[in-house]
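Structure first, then comments.
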Amino acid sequence: MAANLAVELAPGRKTGLGLRNPVMPASGTFSWGLEFARQFDVNRLGAIVSKAVTPLPRAGNAQPRVAETPLGMLNSIGLQSLGLDRVVAEMAPIWAGWDVPAIVNVAGDAVGDYGDLAAALDGVPGVAALELNISCPNVDDGLEIGQNALAAARATRAAVRRTELPVIVKLTPNVQSPTEVAIACAEEGAAAICAINTVLGLAIDTAARRPVLPRATGGLSGPAIKPIALRFVYEVAQAVSVPVVGCGGIRSGLDAVEFLMAGATAVQVGTASFANPRAPLDVLEELEGWLDGHAVADVNEIIGCAQPLPA
C-alpha cells in the first residue's frame, strides 16, 4: 500500500493549505509554471510556486545574470517580473484551471508593498497562498527587511492583516540569527516559514580580472548550500510552532528525506530544475520509493524525527 504523502502547511487556519504531497518547486526556478506544464503533469506536485510578483513590472538586472560555480550557481536576476496586474489577469486564471495549489511569491521595495500585494491577491481565483520574498540578495536593499527581525515582522504583519490567504515567509541565510527572524514572523501570523533563500556569493573572471556578474555578488544556490539549508531548517523547526518548508540544494528523494527528518513539513526543488525540468517530479517519485522501501506508511512519521529528543 502506498504511503500517505499529504501534509498541511497552515494547520488551524481559517484558510488551510493542504498539499497532496510535500514536494514543490522553488520560486524563481519555475517561472509561472507554463513551460514545466509542457514537460510533465504539474498536478502531481504538492504545490507550485511562482516567480516573484512585484507591484509594477520589472526588467531585472543587466546580463550576464548567471554564473556556474562548483556544485551550484550564482544568479543575479533582480526580480524580473510581469507586475501584479498582468499576473492577476494572465497567470492566475491558468492556475485556477490546474488541480494543484499555486503559492504566489511576492516582493516589495518597502514594508507597505507586502500589505498592498496581499490585499490585491486576496480572493483571486487560482491563488492559494502567498510567499513573502523578504530576502532577495540581487536588488538594492533586498536583504534589509529579511536581515532585521523587526522589519521582517512588520512585513509579515502588513501581509497577514490584509489577506485571508496563508502567508509563508522566506528567510535569508545571510543573517546572524535565523531563529530570531523566524520567531518574529511567526508571532505576527506567518502560517509557515521557508528556509532558505540563496547565499550571497561572488565569482571572478580571471581573464577579465573582474567579477563575472555586473553587480559583483549574486545568490548562490544548488547542492553547495544544502548543509547550510539543513542547519537552518533544523534550528528554525525547533524555534517555531508553525510548519517549515525546506529549500536549498535538493536534487533527489534522499535529499528531501533529510530535510523532512530535520524538521521540514515540505520541500522546494530549485536549481536542479535548470538541468532537469522534471526534477521536482523525480524528487517526488524517489521520495515515494524511499518511503515504500523503508515501510513508512505516512510521510508525517519522519517529519522532525532527527530533532533532539525531549529531555
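Each value in this text was obtained by applying a stated rule to the coordinates, not by laboratory testing. All of these numbers come straight from a predicted model, not from anything done at the bench. Note that each Cβ is placed from the backbone with ideal geometry, even for glycine, and that neighbours are counted across all protein chains shown.
Neighbouring Cβ atoms within 10 Å as the yardstick, rank K226, K14 fewest first. All intermediate terms of the calculation are to be shown ahead of the outcome.
Values: K226 20, K14 7.
Least to most surrounded, the residues fall as K14, K226.
Along the stretch 199-214, what does the Karplus equation 6.51 cos²θ - 1.76 cosθ + 1.60 (θ = phi - 60°) give for ³J(HN,Hα), rounded to whole Hz, x for Gly and Pro?
9, 5, x, 8, 10, 10, 8, 5, 5, 7, 6, 9, x, 5, 8, x
For a footprinting-style exposure proxy, rank V127, V169 by other Cβ within 10 Å, fewest first. Display every interim value, and only then the final one.
Working: V127 24, V169 33.
Fewest-to-most Cβ neighbours within 10 Å comes out as V127, V169.
Can you tell me how the chain classifies by the Cα gyration tensor, rounded, prolate or oblate, using a/c under 1.5 as the rounded cut? Please report the intermediate quantities before stating the final value.
Working: a/c = 1.28, a/b = 1.15, b/c = 1.11.
Rounded shape, in that the Cα axes give a/c under 1.5.
Determine the percent antiparallel among the DSSP beta bridges restricted to the chain, to the nearest 5. Can you show the working numbers first?
On the way: 17 of 41 bridges.
Of the beta bridges lying entirely in the chain, close to 40 percent run antiparallel.
Where Lys and Arg each count +1 and Asp and Glu each count -1, what net charge lies around A266 among other residues with Cβ under 14 Å from its Cβ? Display every interim value, and only then the final one.
On the way: positive: R20, K170; negative: E8, E131, D255, E258.
Spelling it out: positives minus negatives among the neighbours equals -2.
Between P214, P243, P101, find the one with the highest GNM mean-square fluctuation for the chain; connect C-alpha pairs within less than 10 Å.
Most flexible of the set in this elastic network: P214.
Taking 7 Å along the Cα-to-C-beta vector as the label spot, tell me the E180-D205 distance in nanometres, rounded to one decimal.
Distance between the two pseudo-spin positions: 3.9 nm.
Amide H neighbours of I134 under 5 Å, counting only residues 5+ apart in sequence or on other chains, H built in-plane at 1.01 Å?
Under 5 Å from the amide H of I134: K170.
Classify the stretch 46-108 as rounded, prolate or oblate, taking a ≥ b ≥ c as the square roots of the eigenvalues of its Cα gyration tensor: rounded when a/c is under 1.5, otherwise prolate if a/b is larger than b/c and oblate if not.
Working: a/c = 3.09, a/b = 1.49, b/c = 2.07.
It comes out oblate by the Cα gyration axes.
Out of residues 5 or more away from N4 or on other chains, whose amide H comes under 5 Å of its own, with H placed 1.01 Å from N in the peptide plane?
Placed amide hydrogens put D298, V299 under 5 Å from N4.
From the phi angles alone, apply the Karplus equation (6.51, -1.76, 1.60; θ = phi - 60°) to the stretch 224-233 and give each ³J(HN,Hα) in whole Hz, x where the residue is Gly or Pro.
Along the stretch 224-233, the couplings run 4, 9, 4, x, 5, 4, 4, 4, 4, 4 Hz.
Tell me whether the stretch 9-86 comes out rounded, prolate or oblate; compute the Cα gyration tensor, take square roots of the eigenvalues as a ≥ b ≥ c, and use a/c under 1.5 as the rounded threshold.
Working: a/c = 1.97, a/b = 1.46, b/c = 1.35.
Prolate shape, in that a/c is at least 1.5 and a/b is the bigger ratio.
Using each residue's phi in the stretch 68-85, evaluate 6.51 cos²θ - 1.76 cosθ + 1.60 at θ = phi - 60° and report the 3J(HN,Hα) Karplus result to the nearest Hz, with x for Gly and Pro.
My calculation for the stretch 68-85 gives 6, 9, x, 6, x, 7, 9, 10, 9, 5, x, 6, 4, 8, 6, x, 4, 4 Hz in order.
What is the calculated FRET efficiency for D109 to R44, with r their C-beta to C-beta distance and R₀ = 35 Å, to the nearest 0.05? Walk me through the numbers on the way to the answer.
On the way: r = 36 Å, r/R0 = 1.03.
Approximately 0.45, to the nearest 0.05.
How do 184-193, 145-154, 38-47 rank on mean C-beta neighbours within 10 Å, highest first?
Order by mean packing, descending: 184-193, 145-154, 38-47.
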